[in-house]
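Enquirer: One structure is given below, represented as C-alpha cells, and several questions about it will come after.
The values are calculated or read from the model by the stated rules, or taken from the named source; none is laboratory data. Predicted model only: the values in this text are computed from it and were never measured. We place every Cβ from the backbone using ideal geometry, glycine too, and count neighbours over all the protein chains shown.
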4 protein chains.
Amino acid sequence: MKKGNRFAGVYTPIPTPFDDAGAVDEQALRSNVAQWMRTPLTGLVVLGSNGEAPQLDDAEADRVIDIVRDGVPREKPLIAGTGRESTKATIAASARAAAAGVDAVLVRTPAFFKSQMTAAAFIDHYTRVADASPVPVLLYNVSMYTGVTLHAEAVEHLAHHPNIVGMKESGGDIALIAEFVSRTPDDFIVLAGSATTLFHALCAGCDGAVLALAALLPDDCVRMCALVREKRLDEARELQRRLLPLGRSVGSSYAVAGLKTALDLIGYRGGTPRPPLTPLAPQATEIIRGQLDALGALAVAQSS
Amino acid sequence: MKKGNRFAGVYTPIPTPFDDAGAVDEQALRSNVAQWMRTPLTGLVVLGSNGEAPQLDDAEADRVIDIVRDGVPREKPLIAGTGRESTKATIAASARAAAAGVDAVLVRTPAFFKSQMTAAAFIDHYTRVADASPVPVLLYNVSMYTGVTLHAEAVEHLAHHPNIVGMKESGGDIALIAEFVSRTPDDFIVLAGSATTLFHALCAGCDGAVLALAALLPDDCVRMCALVREKRLDEARELQRRLLPLGRSVGSSYAVAGLKTALDLIGYRGGTPRPPLTPLAPQATEIIRGQLDALGALAVAQSS
Amino acid sequence: MKKGNRFAGVYTPIPTPFDDAGAVDEQALRSNVAQWMRTPLTGLVVLGSNGEAPQLDDAEADRVIDIVRDGVPREKPLIAGTGRESTKATIAASARAAAAGVDAVLVRTPAFFKSQMTAAAFIDHYTRVADASPVPVLLYNVSMYTGVTLHAEAVEHLAHHPNIVGMKESGGDIALIAEFVSRTPDDFIVLAGSATTLFHALCAGCDGAVLALAALLPDDCVRMCALVREKRLDEARELQRRLLPLGRSVGSSYAVAGLKTALDLIGYRGGTPRPPLTPLAPQATEIIRGQLDALGALAVAQSS
Amino acid sequence: MKKGNRFAGVYTPIPTPFDDAGAVDEQALRSNVAQWMRTPLTGLVVLGSNGEAPQLDDAEADRVIDIVRDGVPREKPLIAGTGRESTKATIAASARAAAAGVDAVLVRTPAFFKSQMTAAAFIDHYTRVADASPVPVLLYNVSMYTGVTLHAEAVEHLAHHPNIVGMKESGGDIALIAEFVSRTPDDFIVLAGSATTLFHALCAGCDGAVLALAALLPDDCVRMCALVREKRLDEARELQRRLLPLGRSVGSSYAVAGLKTALDLIGYRGGTPRPPLTPLAPQATEIIRGQLDALGALAVAQSS
C-alpha cells in the first residue's frame, strides 16, 4: 500500500482572481481551471500561498474549493490548503475542504508564535489535524512566508502517521530536502515547492513539485521531472538554467502579483492581488514579459 | 489638539482564558478584568498577540471585546487588536471593534507575504484602514512574531494621518524606537512593547508601554514610567535589572504560556493556551514561580 | 582600587593614513594626533577597526603605535588594538604594544571559526591574554565586523580577572549593553562603540565611548556624556538626533572610507583606505559634506 | 586551452598538526602527507580554513608549504590558501607560495569590513591579486567563516580573467552553486566545499571538491564523483546519506577539532587545534568514533 504515491507529480498552486470590486472572480477562476485541465499537470492545489489563502475569509475559501472541484475531473488530484494558526481552525477547515471533495489537504505550519513553534508543538498539531482529517494530509513547510521551519526530526516522526502522506517543501535548502527524502518511508512523498531549485530537488529524490511556475509553463515543469527520471542530467540542468529568471520572478521577487501578471500575459486571467498586496509596477511587468518571451510562452499564448 | 496623548500610559495586553473544552472562559476573563481595574494601569489592550488573537475566530473575538468593555469603565482606554492579513478584513474587524465600544484599534502589520511588505504597501494598507476606522488607529510593529518590520520612513509618513494617533513597537531595537519618537509629531504616541528594554525605551522618549509584564506587576511598570519622568535614572536602571528575568520569561522565552502560568500563580486566572501553543513545562513553571517570588509578587497574591 | 575607572571617558579610534604609494603616512598621522590633542578627548585608541588594523602587518602596527605614543602626553590614556585570530599572536601583539608604552590593550574577539567561538573558548582566550599582558586588557565586541558575539555570561566571568578592566561594545543592542553594565563590577568600565546609540548606551550606564564620530566632533561627543551625567535628557536626546546621520555615515554606511573623507573635509588628513577597501564615491562625499555642514563642523574647519 | 581543467578532482584541505609546545609538528605533517599520497586524492590544499591558516604567522605558513610540497609529487596539484585581509598582503603571500612551488593559490574573500565588501570591491581585489600572482588563482567563498558572500555577478566577471581558473564554494546554497556553474565558462572549474551537499553540488555541475571529509574517506569522496559522472544517482544518493553524519561532524559541528580527532582515530596524526580553538570534548570524540566505525573507517585503520 503506497499511501502517498497517488499524489506524486506536478501541480500548480493556483491564484485566486478578484474582480474590480475585490470579490472572488468566479468566472475567471473557472476559465483558468479549464485551461489548466488541458495541460499535462497532475492536479491542482487550491488555497495555497499563491491562492492568497491568508487573505480570504472562510466563506470565500469554501466557495473557491467548490468552483475548482467542479472543474477538476475526479481522476485528477485536487489538494486544498487548509492551514490556520490554531489547531482547532485547521481541523475545521480541513473537514470543510474534505466535504467539498478535495483529495488531500496541504497544511502549512502555524507560525505566529515563532519562538514557541518547537518540534513537539508541530508534532502535536499535525497529529491532531491528521487524526481528525477525513482526507490525507500533506505537511507544508514554507519558511520564506512563515519564518518557522519544520525540521527533519518532526517530519520523520510525522511521516509514520497513516493519514500523513507527504509534504511540500517550498525552500531551496537542498540538505534539508535530502533529509526529508532520506528520513521518510518511500510511500511518503516529498514535493518541491521552489522553481529556482526544481532540478536539484528532483535529483535529491523529490516525487514531484507544486510550483507557481507550473501555472505558466506546465509542459516544461513536467518535462523536467521526466528528464531527471531518465537521467538526462545535462538537458535537465540546461532547462533549469532557462527557467531560473522567470522562476525567480514569480517566486521571491514579485510573488503573487508577478504570477497574476504573467498569467494575464499568456492568456489566463490573473488580475491584481488583494491589498495589502500591491499590483505589479510597469517595469516589473516588462521584465516578466521578456522572460516569458525568452521561454516561448508568449508566442504560444498569442497563437492560441 | 493632542491627538494621541489621551492614550499615553501603561497598558497590559490581556490574555484570553480558555475553559477545559477549549472555549473562551468568559467568567475567568471577567474576573481578571475586574482585578486589573483595581491596579494603576491606564487601560487594557484586548486581542493583542498575548490575547492569542490569531487563534480566535471572529465571533470569539467580538465576544471577548464585549466582555472586556463591560468591565472597563468608560474613562479608561480600551484598545483592541484588529490586525488581519488582508486590508479588507482589517477594516471589517476595526469597524466591529469600534461598534463594540473600544477607544482605539491596534493594528499589527500584515506579514504573510514578507518580501512584498514594502513601505509603500504598509502605507497604503494603514491609510485605508485609518480612513475607514471609526476610532483612532495605533500602528503595531511586532517583528518577533511577524518577521517584517515597519520602518521609520513609513511611520513618519503615517504619523500625519489624522486618525493614526500612535504606535506600539514591540522590539528592543533602541535606534529604531528613537527614530519613531524623533520623526513623528509630539502628539503621536510611541508605546514600548518589550519589558526587557522598558527603561531604555522610556529614556528614548516613549510615552508609555503595552506590556505582558504589566499584567503581573502593574505597580512596578507604572513606577518605571514615573522614575524616568522624574529623571531618577539610577533607581529606574535598578528596577529594570530586577524586572529583566521575569520580563524575559513572559516575553521571548515562554510567551503566552508563561504569562498565563504566572497569572495563575498570583491569583488571576490564566490557564493554558490554545494549541498549537503548548502548556508550560513544569520546570519552566518553577522558574517563573521563583522570579515572581524574587519580585515579591507571590506574597502579594497570597495575602490578598 | 578602581581598576578600570581611569579609562572612563571619550576616545576616538583613529584611522591610519596612507600615502600615495600605500605606505603608512607617518607625517599625516603625527599631524592628526596633534590636532586631537587640542580637543577635550580623554585619549586615543590606535589600531582599532577604524585604524584598518586587520590590514596592517606587524611592523606597520608597531610603527603606528610608536608614532602615536610620541604625540600623546603620558597623562592621556593611549589604548591599542591587539586582537589577532590566535591566542598566541594576540599575546605577542599585546606584549609589543605594552613595550611601546600603551596604557591598555583593546582585544577584539577572535572570530574566524565562528561556530567554535563558544563562551568557554572566549573565556579561555581572554584569560590567557590577560594573564600574559603587561598592561590592562579591555574586551572588544564588534559583531558587525566579526560575526560573533561576546555574550553576557562570558563578560560577567571575565570581569573578575584583575587585569581585565573593561570593554568596548560596538553594537546597538541596548539590552546586551545593559547586561554588560549590570552584571559586571562598578570598576569594570563599559565603553559604547556606536554613535547611533550613544545617548541610549550612556543612559544604560556606559562609562564613556570609543567613537569614530569623536574624531570629527569631539566636543559634541564629550558634551553628550556630560548631558546624560547631568540628567539633561531632553537636550541629550536632541543632540543624539542631530548626530545620527553623520554617525551612520562613518559607521555602517561608509565606515573607514567615510571617516577618512570626513576628516579631509574638516582639516585633518584622512586620505583613502587600503584595498580591498575602496575610496568613497563622489556622491557619498557630498552626503558627508552636507552632514558636517549641518553640524557646523565645516565652518569650524574653514575658520581654523 | 582548458585553463582550469587540470585542477578538477577531489582534494582535501589538510590540517596543520601542532606539537605539545604549540609549534607546527613538521614530522606529523610529513607523515600525514605521505599517507594521503597513497590514496586516490587528486591533490592537496594546504593552508585552507582547516589548516588553521588565520592562526599561523607568515613564517609558519611558508614552512608548512615547503614541507607539503616536498611530499607531494610534481604531477599532483598542490594548492595553497593565501587569502589575507589586505590586497597587498594577499599578493605577497601568493608570491611566496608560488616561489615555494605550489600549482595554484586559493584566495578566500577578505571579510573584516563586511558592509564594504561589495561586488566591486571583490572584483577589484581579485583582479589585482590575479594580475600579480605567478600561479593560477582560485576564488574561495566560505561564508560560514567569513560572513560575506561572493555573489554570482562578481564570479561571472572574474571568471574571464586569464589567471583565475576556478573557485571553491564552501556553502550548501545549491542555487548559488548552480549559478556559479552556469554563469562561468566551461574551463572555469567550480569545486564543492561542503561534504553535506557533495552529491547535490556534483549534480549541479561541480568539477570536483575540496573536503575535510576527504582527508578521512578519500575513496568514498572520489567514488561519489564517479557515481554522479556515471549517472548512478540512486547509489550516489545513498552514499551521500551515509556520509552525512560524519560530514557534519567535521564541518559545522566540530570543525577543525573534529577533523583532527577523526584523523587520530584512523591512524593519521591530528592532535589539537591552536587556541582559541579548543580540543574536542570526550563525548564528541565518541560520536565521531561511532560515525567512523559505521563507515568502516576504523576497521581500515586498525588493520593497516
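Enquirer: Do the conditions hold for C:Leu56, that is, is it in contact with a Leu (Cβ under 8 Å, 6 or more places away or on another chain), surrounded by fewer than 24 Cβ atoms within 10 Å (Cβ to Cβ) and hydrophobic (A, V, I, L, M, F, W, C)? Quick ask: steps written out before the conclusion?
Expert: Numbers: in contact with a Leu (Cβ under 8 Å, 6 or more places away or on another chain): yes; surrounded by fewer than 24 Cβ atoms within 10 Å (Cβ to Cβ): yes; hydrophobic (A, V, I, L, M, F, W, C): yes.
Against the criterion (in contact with a Leu (Cβ under 8 Å, 6 or more places away or on another chain), surrounded by fewer than 24 Cβ atoms within 10 Å (Cβ to Cβ) and hydrophobic (A, V, I, L, M, F, W, C)), C:Leu56 qualifies.
Enquirer: In the range B:83-95, what residues are of a type in the set (D, E, K, R) and either touching a residue at least 12 places away in the same chain (Cβ under 8 Å) or more than 14 Å from chain A (Cβ to nearest Cβ) (or both)?
Expert: Of all residues in the range B:83-95, those of a type in the set (D, E, K, R) come to B:84-85, B:88.
Answer for the range B:83-95, where residues must be of a type in the set (D, E, K, R) and either touching a residue at least 12 places away in the same chain (Cβ under 8 Å) or more than 14 Å from chain A (Cβ to nearest Cβ) (or both): B:Arg84, B:Glu85.
Enquirer: Can you name every one of the helices (runs of 4 or more DSSP H) wholly within the range B:206-304 that holds 2 or more residues which are in contact with a Leu (Cβ under 9 Å, 6 or more places away or on another chain) and closer than 26 Å to B:Gly166 by Cα? Steps first, please.
Expert: Values: elements: B:213-216, B:218-229, B:233-248, B:255-265, B:282-294, B:297-303.
Filter on the range B:206-304 gives B:213-216, B:218-229, B:233-248, B:255-265.
Enquirer: Confirm whether A:Thr90 is out of contact with any Phe, Trp or Tyr (no Cβ under 7 Å at 6 or more places or on another chain) and within 19 Å of B:Ala89 (Cβ to Cβ). Break it down stepwise before answering.
Expert: Working: out of contact with any Phe, Trp or Tyr (no Cβ under 7 Å at 6 or more places or on another chain): yes; within 19 Å of B:Ala89 (Cβ to Cβ): yes.
Yes.
Enquirer: Tell me, which residue of the range A:167-178 that is of a type in the set (A, V, I, L, M, F, W, C) and within 22 Å of A:Ala104 (Cα to Cα) is nearest to the other protein chains (Cβ to nearest Cβ)? Break it down into steps so the answer makes sense when it comes.
Expert: Applying the first criterion (of a type in the set (A, V, I, L, M, F, W, C)) to the range A:167-178 yields A:167, A:174-178.
Filter once more, keeping what is within 22 Å of A:Ala104 (Cα to Cα): A:167, A:177.
Numbers: A:Met167: 17, A:Ile177: 9 Å.
Per the criteria, the residue is A:Ile177.
Enquirer: Now, a different point. Considering only the range C:167-174, I want to know if a residue exists there that is out of contact with any strand residue (DSSP E or B) (no Cβ under 7 Å at 6 or more places or on another chain) and either touching a residue at least 60 places away in the same chain (Cβ under 8 Å) or assigned to a helix (DSSP H, G or I) (or both).
Expert: Within the range C:167-174, one or more residues are out of contact with any strand residue (DSSP E or B) (no Cβ under 7 Å at 6 or more places or on another chain) and either touching a residue at least 60 places away in the same chain (Cβ under 8 Å) or assigned to a helix (DSSP H, G or I) (or both).
Enquirer: What number of residues within the range B:235-247 are facing chain C (nearest Cβ under 9 Å) and either in contact with a strand residue (DSSP E or B) (Cβ under 7 Å, 6 or more places away or on another chain) or not aliphatic (A, V, I, L, M) (or both)?
Expert: Adding up the residues that qualify gives 4.
Enquirer: Could you say which residue among C:Leu227, C:Leu246 is surrounded by fewer than 24 Cβ atoms within 10 Å (Cβ to Cβ), free of Cβ contacts under 8 Å to residues at least 60 places away in the same chain and in contact with a helix residue (DSSP H, G or I) (Cβ under 7 Å, 6 or more places away or on another chain)?
Expert: C:Leu227
Enquirer: Within the range C:151-166, how many residues turn out to be touching a residue at least 60 places away in the same chain (Cβ under 8 Å) and surrounded by fewer than 23 Cβ atoms within 10 Å (Cβ to Cβ)? First the steps, then the outcome.
Expert: Narrowing the range C:151-166 to residues touching a residue at least 60 places away in the same chain (Cβ under 8 Å): C:162, C:165-166.
Those still in the list that are surrounded by fewer than 23 Cβ atoms within 10 Å (Cβ to Cβ) too: C:162.
Count: 1.
Enquirer: Scan C:Ile91, C:Ile67 and give me the residue that is within 21 Å of C:Leu259 (Cα to Cα) and not in a loop (DSSP other than H, G, I, E, B).
Expert: Details: C:Ile91 fails: within 21 Å of C:Leu259 (Cα to Cα).
Exactly one residue qualifies, and that residue is C:Ile67.
Enquirer: Counting just the residues of the range A:96-136 that are among the hydroxyl-bearing types (Ser, Thr, Tyr) and buried (at least 19 other Cβ atoms within 10 Å of the Cβ), which one comes out farthest from the other protein chains (Cβ to nearest Cβ)? Steps first, please.
Expert: Applying the first criterion (among the hydroxyl-bearing types (Ser, Thr, Tyr)) to the range A:96-136 yields A:109, A:115, A:118, A:126-127, A:133.
Those left that are additionally buried (at least 19 other Cβ atoms within 10 Å of the Cβ): A:109, A:126, A:133.
Details: A:Thr109: 9, A:Tyr126: 9, A:Ser133: 15 Å.
This residue is A:Ser133.
Enquirer: A follow-up question, please. Which residues, counting only those in the range C:22-64, are farther than 18 Å from C:Leu138 by Cα and polar (S, T, N, Q)?
Expert: C:Gln27, C:Ser31, C:Asn32, C:Gln35, C:Thr39, C:Gln55
Enquirer: Inspect the range D:148-160 for any residue being more than 30 Å from C:Ser253 (Cα to Cα) and either within 10 Å of another protein chain (Cβ to nearest Cβ) or not small (Gly, Ala, Ser) (or both) and give the result as yes or no.
Expert: First, pick out the residues of the range D:148-160 that are more than 30 Å from C:Ser253 (Cα to Cα): D:160.
Next cut, either within 10 Å of another protein chain (Cβ to nearest Cβ) or not small (Gly, Ala, Ser) (or both) only: D:160.
So far as the range D:148-160 goes, yes, one or more of its residues are more than 30 Å from C:Ser253 (Cα to Cα) and either within 10 Å of another protein chain (Cβ to nearest Cβ) or not small (Gly, Ala, Ser) (or both).
Enquirer: Condition first: over 26 Å from A:Cys221 (Cβ atoms), within 13 Å of chain B (Cβ to nearest Cβ) and surrounded by fewer than 22 Cβ atoms within 10 Å (Cβ to Cβ). Can you find one or more residues in the range A:60-71 that meet it?
Expert: Yes - at least one qualifying residue is present in the range A:60-71.
Enquirer: For the range C:44-56, name all the residues that are at negative phi and outside any helix (DSSP H, G or I).
Expert: Residues of the range C:44-56 at negative phi: C:44-46, C:48-51, C:53-56.
Within the range C:44-56, C:Leu44, C:Val45, C:Val46, C:Gly48, C:Leu56 qualify.
Enquirer: Let me ask something additional. Could you tell me whether the range D:164-172 includes any residue that is aliphatic (A, V, I, L, M), at pLDDT 95 or above and closer than 30 Å to A:Ser182 by Cβ? Steps first, please.
Expert: At the first step, the residues of the range D:164-172 found to be aliphatic (A, V, I, L, M) are D:164-165, D:167.
Within this subset, residues satisfying the condition of being at pLDDT 95 or above are D:164-165, D:167.
Subsequent filtering for residues that are closer than 30 Å to A:Ser182 by Cβ retains D:167.
Checked against the condition, which is being aliphatic (A, V, I, L, M), at pLDDT 95 or above and closer than 30 Å to A:Ser182 by Cβ, the range D:164-172 yields at least one hit.
Enquirer: Right, next: Any residue in the range A:277-304 that's over 20 Å from B:Met117 (Cβ atoms): show its pairings with residues that are surrounded by 14 or more Cβ atoms within 10 Å (Cβ to Cβ) and modelled with pLDDT under 95 at Cβ separation under 6 Å, as long as the two are six or more apart or on different chains.
Expert: Close Cβ pairs satisfying both conditions: A:Leu292/A:Leu298.
Enquirer: Can you tell me how many residues in the range D:72-82 are under 18 Å from the mean Cα position of the chain (by Cα) and either away from chain C (no Cβ under 13 Å) or without any contact (Cβ under 8 Å) to a residue 24 or more places away in the chain (or both)? It would help to see each step written out before you state the result.
Expert: First, pick out the residues of the range D:72-82 that are under 18 Å from the mean Cα position of the chain (by Cα): D:72, D:76-82.
Pick out the ones that are also either away from chain C (no Cβ under 13 Å) or without any contact (Cβ under 8 Å) to a residue 24 or more places away in the chain (or both) and you get D:72, D:76-80, D:82.
Qualifying residue count, the range D:72-82: 7.
Enquirer: Identify, by number, the condition in (1) more than 8 Å from chain C (Cβ to nearest Cβ); (2) on the phi > 0 side of the Ramachandran plot that B:Ile164 doesn't meet.
Expert: Result: B:Ile164 fails condition (2) only.
Enquirer: Exactly one condition in (1) within 14 Å of chain B (Cβ to nearest Cβ); (2) touching a helix residue (DSSP H, G or I) at 6+ places or on another chain (Cβ under 7 Å); (3) outside any strand (DSSP E or B) is not met by A:Leu139; state its number.
Expert: A:Leu139 satisfies every listed condition except (3).
Enquirer: B:Ala178: within 25 Å of B:Ala53 (Cα to Cα) and at pLDDT 95 or above, yes or no?
Expert: On the way: within 25 Å of B:Ala53 (Cα to Cα): no; at pLDDT 95 or above: yes.
Here the answer is no, as B:Ala178 does not meet what is asked.
Enquirer: Could you pull out the residue among C:Ala28, C:Ala130, C:Ala59 that is outside any loop (DSSP other than H, G, I, E, B) and either of a type in the set (Ser, Thr, Tyr) or touching a helix residue (DSSP H, G or I) at 6+ places or on another chain (Cβ under 9 Å) (or both)? Talk me through it step by step, then tell me what you get.
Expert: Working: C:Ala28 fails: either of a type in the set (Ser, Thr, Tyr) or touching a helix residue (DSSP H, G or I) at 6+ places or on another chain (Cβ under 9 Å) (or both); C:Ala59 fails: either of a type in the set (Ser, Thr, Tyr) or touching a helix residue (DSSP H, G or I) at 6+ places or on another chain (Cβ under 9 Å) (or both).
Checking each option against the conditions leaves just C:Ala130.
Enquirer: Among the residues of the range C:187-205 satisfying the criterion of being within 12 Å of chain B (Cβ to nearest Cβ) and part of a loop (DSSP other than H, G, I, E, B), which is surrounded by the most Cβ atoms within 10 Å (Cβ to Cβ)?
Expert: Step one: filter the range C:187-205 for residues within 12 Å of chain B (Cβ to nearest Cβ), giving C:192, C:194-205.
Narrowing further to those that are part of a loop (DSSP other than H, G, I, E, B): C:194, C:204-205.
Numbers: C:Ser194: 26, C:Ala204: 28, C:Gly205: 19.
My answer is C:Ala204.
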